[in-house]
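Here, each number is a calculation from the coordinates, and none is a lab measurement. Computed from a predicted model, the values in this text were never measured in an experiment. Backbone-built Cβ (ideal geometry, glycine too); neighbour counts: all protein chains shown.
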Amino acid sequence: MIATPKYLRFQSESLEQRYLEQINAALVHRLIVEARSEQAREALAHAVGIDDDTLLAELAELGFVKQTLITLRLMPLVLVAWADNEVDAKERDVILEAARRLGIRKDTDAFVILNHWLKHKPPAQMTDAWKRYICGLLKGFGVAPRRRLIENVHSQMLAVANASGGLLGVGRVSSKERTTIALLDELLKSCAAVA
């Protein structure tokens, strides 16, 4: 067997990576187009259970359909991962494990959306939509489920922040990650207090 020269392997990997990125971009575009259909918006409205037409329109514009809405549950983890302006492999693994526990499989549109967020920082518009969505969602929960969700999200955000960085476990959570976690905790608590 003849070994492939290293420079050819690099070119091959680079071409494969660009091809996969093009496919991923096409899938995200397809989801956005699909989400704008009236049928998809009605299904999304039913799944969300929130009567905020502005929020529903924004979610649809961002490419959310009923099947991809579950990814919004992972937005705080994604925001913590991006706090230092890049998502490293360990943070990605923690988030993908959380996704797997939510039932997000690699062959789903929800995985495509999540994978896109892990490669490209979600825009501020996406974060704003998540904030309104989570506040609306928490209003429909009782006190105990609200508290459990907030505690669960907090521990998942810490797991992402602790996934990498630091030397011998010291300084694992950066100041930017701590600030992001504190802001998201405060938002969740304020939404729960209003509910």
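Any chance you could run the full-extension gain for residue 179 through residue 101? It's 0.36 nm times the residue separation minus the Cα-Cα distance, nm to one decimal.
Taking 0.36 nm per residue and subtracting the Cα distance, the gain is 25.5 nm.
What distance in nm lies between label points placed 7 Å from Cα along the C-beta direction at residue 53 and residue 86?
Distance between the two pseudo-spin positions: 4.6 nm.
Determine, for each peptide in 74-87, 148-161, 180-193, the mean count of other beta carbons within 10 angstrom over its residues, then list the peptides with the highest first.
74-87, 148-161, 180-193
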